[in-house]
Amino acid sequence: MTIEHTLITQAMQNWVKSVIVKFNFCPFARKEVEANTIAYIVSEDEKHEDAVMTMLEQLAHLDAHPEVETTLLIFAEGFKDFDSYLDLVDLANALLAAQGYEGKYQIAHFHPDYEFADSEPGDAANYTNRAPYPTLHLIREESMAEALANYDDPESIPENNIRFARRKGEAFWQQLLANCYKS
C-alpha cells in the first residue's frame, strides 16, 4: 500500500469512527468497526467502466471471504465531480443487478459534495452522505436484513440522521469532515 493510499484509508477510517459510529448514523457500524470486518479498498480508477469492474472484483472478494462483512471502495482521484459520481452509482447498481448480485449485495454511496435531490447545497442534511472521498459501500443484504430485523423502527434512521445533522449545522460537519484528514 502506498503512503497516499494509507492516508486515504486513515481519513476514511477516521470518518467511519468520528462520524458514522460516534453520531450513530449507521447503528450497525460500531460492531463491524470493533470486529475489524470492514475492508477499505483504495482505487485509482477514474473511468466508470474501470470502477465498476473493480466493484465486481470486490463483490467476488466478499463472496470468497465471509469474514469480511462490508467493503468501502474509495476513489482516490476519480469521480470528484458529483454528477459523474452519480452516473457511477447508476452504472454500479445496474451492473450489480446484471451480474446476479441483486438481493445479495446493495450499494450505499458517499461523496464529499453529496447533495440530496430535494436539498440545497448548504443543507446540513447532506452531511449524512458526505465522506472524505467518493465511495461505494458494498453491503451484504443478508446481514443488513438481520440487523434491521433486530432494530426498533429502522425506517426512522434516515429521518433521525437528517434532523440531527440539521440541528448541528453545516459548520459543525464541515469541521468534522476536515478533521478526518488529520492522522
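Annotations for the structure displayed:
- Any hit, region 52-62, residues being open to solvent by 10 Å² or more (accessible area, probe 1.4 Å), in contact with a helix residue (DSSP H, G or I) (Cβ under 9 Å, 6 or more places away or on another chain) and among the acidic types (Asp, Glu): no
- So residue 148, is it of a type in the set (A, V, I, L, M), touching a Pro at 6+ places or on another chain (Cβ under 7 Å) and closer than 17 Å to residue 25 by Cα: yes
- Only residues that are open to solvent by less than 40 Å² (accessible area, probe 1.4 Å) and either out of contact with any strand residue (DSSP E or B) (no Cβ under 7 Å at 6 or more places or on another chain) or in a loop (DSSP other than H, G, I, E, B) (or both) were counted in region 75-96, giving 8.
- Selection within region 139-162 - of a type in the set (Gly, Ala, Ser) and open to solvent by 50 Å² or more (accessible area, probe 1.4 Å): 145, 149
- Residue 138, sole failed condition from (1) under 19 Å from residue 44 (Cα atoms); (2) in a loop (DSSP other than H, G, I, E, B): (2)
- Pairs meeting the criteria (first residue in region 29-58 and over 19 Å from residue 148 (Cβ atoms), second residue open to solvent by 30 Å² or more (accessible area, probe 1.4 Å) and aromatic (Phe, Trp, Tyr), beta carbons under 9 Å, at least 6 apart or on different chains) are 42/133; 56/101.
- Against the conditions (1) touching a residue at least 60 places away in the same chain (Cβ under 8 Å); (2) out of contact with any helix residue (DSSP H, G or I) (no Cβ under 7 Å at 6 or more places or on another chain); (3) part of a loop (DSSP other than H, G, I, E, B), residue 131 satisfies every one except (2).
- Test result for residue 29, open to solvent by less than 30 Å² (accessible area, probe 1.4 Å) and in contact with a helix residue (DSSP H, G or I) (Cβ under 9 Å, 6 or more places away or on another chain): yes
- Region 108-138: number of residues that are surrounded by fewer than 17 Cβ atoms within 10 Å (Cβ to Cβ) and under 12 Å from the mean Cα position of the chain (by Cα): 2
- Every residue from region 141-183 that is within 30 Å of residue 77 (Cα to Cα), part of a loop (DSSP other than H, G, I, E, B) and polar (S, T, N, Q): 183
- Within region 163-174, being under 19 Å from the mean Cα position of the chain (by Cα) and open to solvent by 70 Å² or more (accessible area, probe 1.4 Å) holds for one residue alone: 174.
The values are calculated or read from the model by the stated rules, or taken from the named source; none is laboratory data. Being a predicted model, the structure only gives us computed values, none of them experimental. Counting neighbours? That spans all protein chains shown, and the Cβs are built from the backbone with ideal geometry, glycine included. Please note that ligands, DNA and RNA were not included when accessible areas were found on the heavy atoms of the full protein model with its side chains. Shrake-Rupley method; radii C 1.70, N 1.55, O 1.52, S 1.80 Å.
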